[in-house]
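First comes the structure, then the notes that go with it.
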Amino acid sequence: MLVEKSEEWHGYSQATRDKNSRLAAGWLAAPIVKGGDLTWGDAPVADLRRRHVKAILADHAATPHKAKHLLVMIRKIIGEALDQDWIEIDPTHKISWQPDHAGWRAWTADEMRAFLARWPAGTTPHMAFCLAIAAATSPPCNGRNGKRVP
């Protein structure tokens, strides 16, 4: 993929490069029409339209965070296509995809007890849990001398 040769690409962490490579390979190998033989990798990038991008995102509605990452990856490919003068218009312009996620709910006391029963003292998950609880319940300090912030 040409985008993998760009200077910007090499500025990403290895994990980001690996994730985007996997997403790109999966998308480029996916059929344009379900059951069809023509894949996104076979089609010229100039033929990609906004309706196609919206349909791709809609197809991933069950995995909304994957859809968001896929949109970011497609934008990287489109950016390279614009730089190469293969296209003049960005079909992803102003398309937004924000997964509905209000955050994680707090665990109940029973859920915390079940977690601690599953992960006894001395295990990494138990230690991480205790550190998270301690950090969440301790008062803030200024970081230099450990004094509490008023």
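Only the coordinates and a few stated rules stand behind these numbers; no lab work does. Every value quoted in this text rests on a predicted model; they were computed, and no experiment measured them. Here the Cβ is made from the backbone with ideal geometry for all residues, glycine too, and neighbour counts use every protein chain on show.
General observations
- Loop sites in the stretch 64-127: trypsin sites (Lys or Arg not before Pro), DSSP, at most 13 other Cβ within 10 Å: 94, 105
- Long-range HN-HN contacts of residue 39 with modeled amide H, under 5 Å: 32
- Helix-derived mean residue ellipticity, 222 nm - over the chain, DSSP H n ≥ 4, -39500 (n - 2.57), to 500: -15500 deg cm²/dmol
- Too-long pairs where the Cα-Cα distance tops 21 Å, listed order kept, from 19/68; 54/76; 5/66; 68/94; 5/34: 5/66; 5/34
- Difference of contour (0.36 nm per residue) and Cα-Cα distance, residue 118 to residue 5: 36.1 nm
- Label zone at residue 46, where the point sits 7 Å out along the Cα-to-Cβ direction: the stretch 68-96 residues whose backbone N lies under 11 Å: 85-88
- Kyte-Doolittle mean at least 0.5, axial Cα span of 18 Å or more - DSSP H helices of the chain: 124-137
- Within the stretch 105-135, the chymotrypsin sites (Phe, Trp or Tyr not before Pro) that combine a DSSP coil assignment with at most 16 other C-beta atoms in a 10 angstrom radius are 107.
- Length available on full extension from residue 129 to residue 100: 0.36 nm per residue minus the Cα-Cα distance, which gives 7.8 nm.
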